[in-house]
Amino acid sequence: MAANTNVSVTVDGTRDMTDDRVLYGCMGLGGGWEPGAPEPADIDAAEAAVEAALDSGITTFDHADIYRHGKAEAVFGEVLARTPGLRERITLQTKCGIRLAGQDGGPGRYDLRGASIERRVAESLDRLRTDVIDVLLLHRPDPLADPDDTAAALMSLHRQGLVRAFGVSNMGAPQIAALQSRLDVPLVANQLEMSLHSRDWVEAGVLLNTSGATANGFPHGTLEHCRAHGIRLQAWGALAQGRFTGREETPAERATAGLLADLARKKDTTPETVLLWWLARHPARIAPVIGTARPDRIRACRDAALREPDLTHEEWYELWITARALPLP
């Protein structure tokens, strides 16, 4: 794989873990979702995806212990083993806190008990073939977790040098604040579903005092809290599962795809890049997470990783209005 020197990683108390504008989400690596060992072809496919990401200027790789029942981490660990020096050039992020139905003989559940977190981290380190995780995110809130117990486990992992920094996923401002109050290190990231298709995160701020507010479930104040406390917002589902770049199903999606294509031609880039620019153009410094395993689609996001968002105020709004298929309130 080609070397990538355009990476900046800081740890231990700093909030900016990377300069990457785009993260690569590894959920699609490792073959099927059934439990078991990955096949050699799955490792080859993972290597091709990682190489495409690196070639596109992406050096932060996002995992979770449940992706493909652990196979996503396992094939990535094999790629690291095949490529000496790669681990030192990338940021490794993984998540824990969800147990799939049947795991450990139990139901599907959330589990942020301290002992469970420590076990999950040990398993991820083993699969990833590394001795440290750069960023550990708590995947979803666990209603039964004791926050003091959760925080104690995180701080223990930090003191042991097993995890450099922590963040959350799918959490609102009060949950983040409650956890932060128990930690001696700052939370660095919050990963939420955000895209031009999943727009609750932006529409919550303008639907206030309208009838549409009742159907919007995004927790108010979360973006503002993250911005005020230097917590990097990461957008999962950023490519909207291809709804605007190849598999349009509704008139609004087709109209938005056409607008993206027009803007891409105008700016000499790809529709995927313009789609990600729509997120990155927001002043909250949103970092899109792209989850495709196809090298060609990864490379289609290259300009989003390497260039500043090239969207005017008016173009940003035109995309939003076209995708929502309704005028703004």
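For segment 246-329, what does the alpha-carbon gyration tensor say about shape, rounded, prolate or oblate, given a ≥ b ≥ c as the root eigenvalues, a/c under 1.5 as rounded, and a/b over b/c as prolate? Display every interim value, and only then the final one.
Details: a/c = 1.64, a/b = 1.24, b/c = 1.33.
Note, shape of segment 246-329 comes out oblate.
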Give the residues of segment 302-322 whose amide nitrogen is closer than 18 Å to a point set 7 Å from the Cα of residue 227 in the direction of its Cβ.
309, 311-314, 316-317, 320
Between segment 299-328 and segment 39-93, what is the separation of their alpha carbon centroids in Å?
29
Could you give me the percent of Cα pairs per 5 Å distance bin for segment 235-279, shortest bin first, beginning at zero and ending with the bin that holds the maximum distance?
5, 26, 32, 24, 11, 1
Given the Cα-Cα distance of residue 37 and residue 261 and 0.36 nm per residue of separation, how much length would full extension add, in nm?
76.6 nm
Okay, which of segment 103-130 sit inside 20 Å, backbone N to the point 7 Å along the Cα-Cβ direction of residue 144?
103-121
Measuring from its Cα centre, the chain shows a charge dipole (+1 at each Lys and Arg Cβ, -1 at each Asp and Glu Cβ) which, in debye to the nearest 20, is 220
Dividing the mean separation of Cα pairs under 8 Å (6+ apart) by the residue count of segment 126-169 yields a relative contact order in percent of 63
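Contact order normalised by length for the chain, with contacts defined as Cα pairs under 8 Å and 6 or more residues apart; what percent is it?
Working: 623 pairs, mean separation 61.2, N = 329.
Once normalised by length, the contact order is 19 percent.
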Between segment 113-129 and segment 226-257, the Cα center-to-center distance that results, in Å
31
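Suppose R0 equals 56 Å. What FRET efficiency, 1/(1 + (r/R0)^6) with r the Cβ-Cβ distance, do residue 51 and residue 324 give to the nearest 0.05? Can you show the working numbers first?
Values: r = 37 Å, r/R0 = 0.66.
Between residue 51 and residue 324 the formula returns 0.90.
Largest first, how would 218, 76 line up by accessible area (1.4 Å probe)?
Values: 218 30, 76 0 Å².
Greatest to least solvent exposure: 218, 76.
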Return the calculated 222 nm mean residue ellipticity for the chain, to the nearest 500 deg cm²/dmol, obtained by summing -39500 (n - 2.57) across DSSP H runs with n ≥ 4 and dividing by the residue count.
-11000 deg cm²/dmol
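Quick one: which of 272-283, 112-123, 205-216 comes out on top by average Cβ neighbours within 10 Å, and what's the full order, highest first?
Numbers: 272-283: 23.5, 112-123: 18.5, 205-216: 12.2.
Ranked by mean Cβ neighbours within 10 Å, highest first: 272-283, 112-123, 205-216.
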Round to the nearest 0.05 the FRET efficiency obtained for residue 213 and residue 313 when R0 = 25 Å and r is the Cβ-Cβ distance.
0.55
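What FRET efficiency, computed as 1/(1 + (r/R0)^6) with R0 = 30 Å and r the Cβ-Cβ distance, is obtained for residue 81 and residue 101, rounded to the nearest 0.05? Intermediate results must be reported in sequence, preceding the final value.
Details: r = 31 Å, r/R0 = 1.04.
Computed FRET efficiency for residue 81 and residue 101: 0.45.
The values are calculated or read from the model by the stated rules, or taken from the named source; none is laboratory data. In this text, all values refer to a predicted model and were calculated from it rather than measured experimentally. Neighbour counts run over all protein chains shown; Cβ positions are idealised from the backbone, glycine included. Each accessible area value is taken on the protein alone, full model and side chains, heavy atoms only, with ligands, DNA and RNA left out. Shrake-Rupley method; radii C 1.70, N 1.55, O 1.52, S 1.80 Å.
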